[in-house]
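The values are calculated or read from the model by the stated rules, or taken from the named source; none is laboratory data. Small disclaimer: the values here were computed from a predicted structure and weren't measured. Neighbour counts run over all protein chains shown; Cβ positions are idealised from the backbone, glycine included.
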Amino acid sequence: MTDGVIDLRSDTVTRPSPGMRRAMAEAEVGDDVFGDDPTVKRLEARVAAMLGKDRGLFLPSGTMANEVALRVLTQPGDEVICEQGSHIYNYEVGAAAALAGVQLRPLEGSRGVLRVEQIEHAIRPSDIHLPVTRVVCLENTHTRAGGAIFPLEEMHGIRELTGGAGIAVYLDGARLWNASARTGVALDEYAAQADSVSVCLSKGLGAPVGSVFVGDHSMVERARRYRKMYGGGMRQVGILAAAGLYALEHNIARLEEDHRRAAQLAEAVEGCSRARLVGGKPDTNMVVLEVLDGPAEASRVQEELAARSVLVVPFGASQLRAVTHLDIGDGELEKAISVFRAVLS
């Protein structure tokens, strides 16, 4: 919270803590393009071990991680199956087409979850007229579905299907930390259901920047080359990698606090007459609400909240989203609930 503003727009708005800033200031660095940055190497190895993969690669953003992954796993003209609300389809500026030359085939899931049968029916048969289905992209947790968790058992089934069909699975695990914290399923168990995975350090964990892509040695070697091609080669970036290492040490265990506060906020919204929860109670740290009187009223509600120093984002024609994070403590939450009740009742 800054200057009395309670910022619930995203868990990306967090500021580095004093401890994280010290870790950044004291980081041992080298030139990462030459492979010389020891702090980056520690971060990459740490995340790869947590996810049960051979190697990791530090990238500036989740979008670059996703797009590098698609470039590694596909050939131009291939098709990638994804859920229609997925980040890779909606929020990456058409980069899959522009950079990898692939087309995305979005399927309508249930709260972001694709079923085995859907994917099986969407896999292209071998035909000279058709693109090759090369990758299935899953997202866990799912942003457009309000931080919904992709069930492990469904991931198991998809992995079995795609493995038999020679199709790769890529997991956009930007908020996989939240899924693991909420369910108790180990990170490497989720990651075992995919050939490659990316995780974000600046969503929920409080680092100022950065994602890590993990996979086998060959994948990561190719990913490193594409990262350079896309302008993501970095120099003394151990300063940022140190923030990621600090986040892994200090900010994973506390994610359940964000989930608890999101549940409290959702309960408060449920009692308001001008709005309803979308998708039921939140799985993790996102609360999505629909303002009942339509888009114009939703815009007014957003403005009224902002006038009272509570920030949220539009999330559809009549919907708003609020996200809890490490800069929102119980005091800030209590004030935010008071404002929501005043505006929505």
Residue set Ala317, Ala336; condition within 26 Å of the chain's Cα centre (by Cα), crowded, with 18+ Cβ neighbours inside 10 Å and small (Gly, Ala, Ser); output residue Ala336
Do you know which residues across the range 207-245 are touching a helix residue (DSSP H, G or I) at 6+ places or on another chain (Cβ under 6 Å), under 26 Å from Ala179 (Cα atoms) and crowded, with 24+ Cβ neighbours inside 10 Å? Ala207, Gly210, Ser211, Val212, Phe213, Val214, Ala223, Ala241, Ala242, Ala243, Gly244
Candidates Ser196, Ser202, Ser180, filtered to the one that is surrounded by 22 or more Cβ atoms within 10 Å (Cβ to Cβ), touching a strand residue (DSSP E or B) at 6+ places or on another chain (Cβ under 6 Å), closer than 22 Å to Gly244 by Cβ and modelled with pLDDT of 95 or more: Ser196
Suppose we keep only residues that are surrounded by fewer than 17 Cβ atoms within 10 Å (Cβ to Cβ) and not charged (D, E, K, R) within the range 292-310. Which one would you say is nearest to Glu257 (Cα to Cα)? Ser309
Filter the range 117-134 down to the residues that are farther than 14 Å from Val169 by Cα, crowded, with 16+ Cβ neighbours inside 10 Å and either among the polar types (S, T, N, Q) or within 25 Å of the chain's Cα centre (by Cα) (or both) and list them by number. Gln118
Scanning the range 262-275 for residues that are surrounded by 15 or more Cβ atoms within 10 Å (Cβ to Cβ) and without any contact (Cβ under 8 Å) to a residue 40 or more places away in the chain, which turns out farthest from Thr141 (Cα to Cα)? Ala266
Selection within the range 3-14 - modelled with pLDDT of 95 or more and either assigned to a loop (DSSP other than H, G, I, E, B) or more than 30 Å from Ala307 (Cβ to Cβ) (or both): Leu8, Arg9, Ser10, Asp11, Thr12, Val13, Thr14
Out of Gly147, Gly157, Gly164, which single residue is surrounded by fewer than 23 Cβ atoms within 10 Å (Cβ to Cβ) and touching a helix residue (DSSP H, G or I) at 6+ places or on another chain (Cβ under 8 Å)? Gly157
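Filter the range 57-80 down to the residues that are among the acidic types (Asp, Glu) and either assigned to a helix (DSSP H, G or I) or touching a His at 6+ places or on another chain (Cβ under 9 Å) (or both) and list them by number.
Glu67
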Of all residues in the range 24-56 being in a loop (DSSP other than H, G, I, E, B) and of a type outside the set (Gly, Ala, Ser), which is nearest to Glu92 (Cα to Cα)? Lys53
Could you list, in sequence order, the residues of the range 65-115 that are touching an Asp or Glu at 6+ places or on another chain (Cβ under 7 Å), over 15 Å from Thr133 (Cα atoms) and either among the acidic types (Asp, Glu) or not assigned by TED's automatic domain parsing to the domain that holds Ser211 (or both)? Glu67, Glu92
Take the residues in the range 82-95 that are farther than 15 Å from Leu171 by Cα and among the aliphatic types (A, V, I, L, M); name whichever of them is surrounded by the fewest Cβ atoms within 10 Å (Cβ to Cβ). Val93
